[in-house]
Amino acid sequence: MTRSARWIVFWLGAGGVGALIVLALLKMPSFGGIVHPYRELSVPAAIGRSAPNIVSSVNFDQRALDTLGEETILLGSVVGAAALLRPSKDEREQLDQDEGRVLEATKLLGYLMLPVTLIVGLDVVTHGHLTPGGGFQGGVVLATAVHLLYVAGSYRMLRRVRPKTWYQVAEAVAGGAFVILGLVGLLLTGAFLANIFPRGVLGDLFSSGTVFYLNVAVGAEVTSGVVVLLSGFLAQALSVREVR
Amino acid sequence: MSLLPYFVAGWLLLIGCFGVVRSRDLIHTVVCVAIAQSGTYVLLLSTGFQYGASAPVQGAPGPVVDPVVQALTLTDIVVSATVTALLLALVIQIAKRTDTVDPDKLDELRG
C-alpha cells in the first residue's frame with residue numbers, strides 16, 4: 001500500500017472511530033460524579049473477605065480467573081520474547097573485556113538502593129492484600145532491584161548473581177502454583193480459584209485466605225518474567241555477537 | 001468541561017494510531033501502540049473517579065473511588081508492558097534480518 005492510500009484509509013477510519021467516540025462520550029455520566037455501579041457491588045463484596053485493599057480483593061478473590069488470564073498473557077509473551085531473543089545459529093555469547101566506567105556516585109547510590117529496593121519490593125508483594133500494591137507492582141520493583149547491580153556494578157556481576165535458568169524455572173513454577181491453588185479450590189468447594197484458606201483477622205499479614213498466596217505467586221512470576229525479558233534484551237545489546 | 005478526561009482518552013487512542021500510520025521507525029511504532037493503549041488507562045480511571053473520594057482501601061474515610069476499574073487498569077498495564085516487550089523483541093529480529101527498521105522498506109515477502 002502506498003503512503004497516500006494508507007493515509008486515506010487512516011483518515012476514513014479515524015474519522016469514523018472519532019465520531020463514534022464523541023457520540024458515546026457525550027452520553028457518559030459527568031466526570032467525578034457519584035454514580036459508580038461497579039463500586040456499589042464490589043465494595044460490599046470485599047467486606048468480610050479480610051482483604052482491606054479492595055483492588056486486590058477484586059483481582060485475586062472476586063475475579064481471580066481474570067488474573068489467571070492476565071498471568072497467562074504475561075507468561076506467553078515472556079516465552080515468545082525469550083524465543084525471539086535467543087542467539088541464532090551463527091551467533092555466540094561473548095563478553096567484552098572493556099566494561100566501561102561507572103561514576104563513583106552512581107555506584108554508591110546503586111549499592112545503597114539495592115537492599116532498600118529489595119525490601120520495598122518484598123513489602124509491596126506481601127502486603128498486597130492490606131495496602132495498595134500487590135504481586136504485579138512488587139514484582140516489577142524486585143526485578144528493578146536485581147538490575148541495580150547492572151547499573152551500579154557491571155554486566156558480569158549481574159550475570160553471576162542472576163542464573164537465568166533459575167528465573168525461567170521460577171516463572172513456570174509460580175505460574176503453575178496459581179493454577180494449582182485454583183484447582184485445589186475447585187476440588188474442595190467446586191469453584192475454580194475459590195478462596196479456600198481461613199480468612200484470618202482483618203489487617204493481619206496472613207489474612208485474606210488465598211489472596212495472600214496468589215499475590216506471592218504473581219510476585220514471583222512477574223519478578224522472574226521481567227528478569228528473563230531484560231536478560232534477553234541485555235544479552236542482545238551487550239554479549240550476543242555474530243561469528244563467521 | 002466535566003467530560004474532558006474522557007476526551008483525553010479518545011484523543012490518546014487516535015493520536016497513537018496516527019503515530020503508527022506516520023511511523024518511519026519500528027521502535028517509534030511500538031511506542032505509538034503503547035500510547036494508543038494508554039488511552040484505555042485514562043478512560044478506565046476517569047470512569048471510576050469521584051471528587052473527594054479516597055483510595056479503595058477498607059477503612060478509608062468517606063466514599064472510595066471505583067476499585068473495579070482500577071483492577072482493570074492494572075491488568076491493562078501488565079498486558080501493555082508485556083506486549084511492548086514482545087514487539088520490541090520482534091523489532092530486534094527484523095533489524096538483524098533486514099538491516100532496516102523502516103516499515104516502508106519491509107514490503108517485500110521473503111521465502
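FYI, it's all coordinate maths here, none of it is from the lab. Quantities reported herein were computed from a predicted structural model and do not represent experimental measurements. Every residue, glycine as well, gets a Cβ built from its backbone with ideal geometry; the counts of neighbours run over all protein chains shown.
Projecting the Cα atoms of A:ILE47, A:THR72, A:PHE60 onto the dipole axis of the protein assembly as shown, where Lys and Arg carry +1 and Asp and Glu carry -1 at the beta carbon, places A:THR72 farthest toward the positive end. Proximity of backbone amide H atoms, modeled 1.01 Å from N, is registered between A:VAL240 and A:GLN94 at under 5 Å, excluding neighbours fewer than 5 places apart on the same chain. Across segment A:36-242, the mean sequence separation of Cα contacts (distance under 8 Å, 6 or more residues apart), normalised by length, yields a relative contact order of 32 percent. Mean-square fluctuations from a GNM of chain B, with a 10 angstrom spring cutoff on Cα atoms, peak among B:THR82, B:THR29, B:THR47 at B:THR82.
Of the residues A:VAL226, A:VAL116, A:VAL184, the one that moves most in a GNM of chain A with alpha-carbon contacts below 10 Å is A:VAL116. A simple rule links phi to the HN-Hα coupling: the Karplus curve 6.51 cos²θ - 1.76 cosθ + 1.60 with θ = phi - 60°, which for segment A:45-62 gives 5, 6, 6, x, 9, 6, 10, x, 6, 5, 4, 5, 4, 5, 6, 10, 10, 5 Hz, with x for Gly and Pro. For chain B, set up a GNM with springs between Cα atoms under 10 Å and report which of B:GLY52, B:GLY19, B:GLY39 has the largest fluctuation. Largest GNM mean-square fluctuation: B:GLY52. Residue by residue along B:44-54, Cβ atoms of other protein chains within 10 Å of the local Cβ number 3 on average. For segment A:115-123, putting each phi into the Karplus relation 6.51 cos²θ - 1.76 cosθ + 1.60 with θ = phi - 60° gives couplings of x, 4, 5, 4, 5, 4, x, 4, 5 Hz, in residue order, rounded to whole numbers and with x for Gly and Pro. Spread over its residues, the convex hull of the C-alpha atoms of the protein assembly as shown is 187 Å³ per residue.
Multiplying each eigenvalue of the alpha-carbon gyration tensor of segment A:109-179 by 5 and taking the square root yields semi-axes of 23, 18, 6 Å, largest first, rounded to whole angstroms. For the pair segment A:224-240 / segment A:1-36, the C-alpha centres are spaced 38 Å from each other. Legend: ranking of residues A:LYS164, B:LYS105 from fewest to most surrounding C-beta atoms inside 10 Å; resulting order B:LYS105, A:LYS164. Global dimensions of segment B:15-107 from alpha-carbon coordinates: Rg and Dmax equal 18.4, 59 Å. Positive end of the dipole of the protein assembly as shown (Cβ unit charges, origin at the Cα centre): among A:ILE180, A:LEU84, B:ALA34, the Cα lying farthest that way belongs to A:LEU84.
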